[in-house]
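The values are calculated or read from the model by the stated rules, or taken from the named source; none is laboratory data. In this text, all values refer to a predicted model and were calculated from it rather than measured experimentally. Every residue, glycine among them, receives a Cβ derived from its backbone with ideal geometry; neighbour counts consider all protein chains shown.
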Amino acid sequence: MKYTEFGLVNTRTMFADAIARKYAVPAFNFYNMETLNAILSAARTTHSPVILGVSESAMKYMGSDMLMGLIRGANIHHNEQIALHLDHGGTIDACIRAIDMGFSSVMIDASKLPFEENIKITKSVVEYAHAHDVSVEAELGTLSGIEDENTQSATSSYTNPDDVVKFVDATGIDSLAIAIGTSHGAYKRKSADEELRFDILQRIADMLPKFPLVLHGASQIPTDLVNTINEFGGDMPNARGIAPEQLRHATKMNICKINVDSDLRLAMTASVRKSMAANPANFNPREYLGAGTKEMTTVCIDEIKNIMGSDNKLPHIS
Ligand code: G3H
Ligand code: 13P
Ligand code: ZN
């Protein structure tokens, strides 16, 4: 089914505006009704464009019919500038399946393969995607951090700025994910003042002027949420993320999509733990899941306003 039938848009217009006005479009991951409702409610409240990220494991968790049923049930209008994006697609087939289901954007993540193979696979995805007016993100360099089989990487290597022009020209991609020191999950940094490699970002931005760049693994890992989790029975010592001012700085340097998943996981987990501890007799999941949805919405709104700068950026608002 074509994505326009769900009211979705591809990322082309939103990225052009983000580059021109120096902000980032948020890409939040969802995997159930609660995460989808939280993300949409935050985007709608703040009049922000948004990218709904779905990993392959999230797709497996929901089932493709349920996933597209949730999207249909969200009553999305194309004026809202909402894209449905396959996050870390591991194969050409996975990308094609997502496009045929109604995704408006896909990431082909062949970043762990040799450079020339990454080009070859990415190019095949671009050919299919562009024939369906779907945008394509690919990655150069690798992020560390443990997520699932498609994002697992024990080591990291920064993106080599000398590779980017050849890669973009040879593949025809619409946006490029780069590795400058972020990583997936809740344990990103040894210390709070560790800096991202802005020197590498600057060189890439110079090589690819006005080209949309993407930052994965960009959760802040808010200390208050980690503390709440640990206070109510959790065990997440030394969880640490990326400082908000560094993320804000990146949005001024052609980073026009910032991926966040872990912060929403923390918000839900902190809230559920707290709610269960406060109401030990409650056994109605709607109470703690409702509280969790509210907390995730708060996190999304905060990041839209204070990191992405994407609030009030919809064409009919601004
Ligand atoms: O970048 C990876 C996302 O956090 C997805 O993780 O595959 O566990 O859904 P997941
Ligand atoms: P975090 O683990 O930092 O939230 O990163 C999410 C991500 O990159 C999804 O693709
Ligand atoms: Zn990622």
Open item on the list: Suppose we keep only residues that are within 25 Å of Val134 (Cβ to Cβ) and among the β-branched types (Val, Ile, Thr) within the stretch 36-62. Which one would you say is nearest to ligand 1 (Cβ to nearest atom)?
Closed with: Val54
- [ ] Give the residues of the stretch 20-48 that are surrounded by fewer than 17 Cβ atoms within 10 Å (Cβ to Cβ) and not polar (S, T, N, Q), sorted by residue number.
- [x] Ala20, Arg21, Lys22, Met33, Arg44
TODO: Taking only the stretch 272-304 into account, find how many residues are over 14 Å from Phe28 (Cα atoms), of a type outside the set (Asp, Glu) and assigned to a helix (DSSP H, G or I).
DONE: 15
TODO: Would you confirm whether any residue within the stretch 1-19 is in a helix (DSSP H, G or I), among the hydroxyl-bearing types (Ser, Thr, Tyr), closer than 21 Å to Asp174 by Cβ and touching a strand residue (DSSP E or B) at 6+ places or on another chain (Cβ under 7 Å)?
DONE: yes
- [ ] Could you check how many residues of the stretch 140-157 are more than 16 Å from ligand 2 (Cβ to nearest atom) and at pLDDT 65 or above?
- [x] 1
Task: Filtered residues of the stretch 86-98 (kept if of a type outside the set (Asp, Glu) and touching a residue at least 60 places away in the same chain (Cβ under 8 Å)) - done: His88, Gly89, Gly90
TODO: Filter the stretch 20-31 down to the residues that are assigned to a loop (DSSP other than H, G, I, E, B) and within 16 Å of ligand 2 (Cβ to nearest atom), then identify the one that is farthest from Met268 (Cα to Cα).
DONE: Ala24
Task: Yes/no for Ala270 being within 14 Å of Val226 (Cα to Cα) and either under 18 Å from the mean Cα position of the chain (by Cα) or away from ligand 2 (no atom under 13 Å from the Cβ) (or both) - done: yes
Task: Given (1) assigned to a helix (DSSP H, G or I); (2) exposed (fewer than 15 other Cβ atoms within 10 Å of the Cβ), index of the condition Pro315 fails - done: (1)
- [ ] Please give the strands (runs of 3 or more DSSP E) falling wholly within the stretch 44-139 in which 2 or more residues are in contact with a Phe, Trp or Tyr (Cβ under 7 Å, 6 or more places away or on another chain) and either modelled with pLDDT of 95 or more or aliphatic (A, V, I, L, M) (or both).
- [x] 50-55, 82-89
TODO: Take Ala83 and decide whether it is aliphatic (A, V, I, L, M), surrounded by 15 or more Cβ atoms within 10 Å (Cβ to Cβ) and more than 18 Å from Asp133 (Cβ to Cβ).
DONE: no
Task: Condition broken by Asn118, with the remaining ones in (1) within 16 Å of ligand 1 (Cβ to nearest atom); (2) surrounded by fewer than 24 Cβ atoms within 10 Å (Cβ to Cβ) satisfied - done: (1)
Open item on the list: Take residues that are free of Cβ contacts under 8 Å to residues at least 24 places away in the same chain and surrounded by fewer than 22 Cβ atoms within 10 Å (Cβ to Cβ) and tell me which of the helices (runs of 4 or more DSSP H) falling wholly in the stretch 149-265 contain 3 or more.
Closed with: 223-231
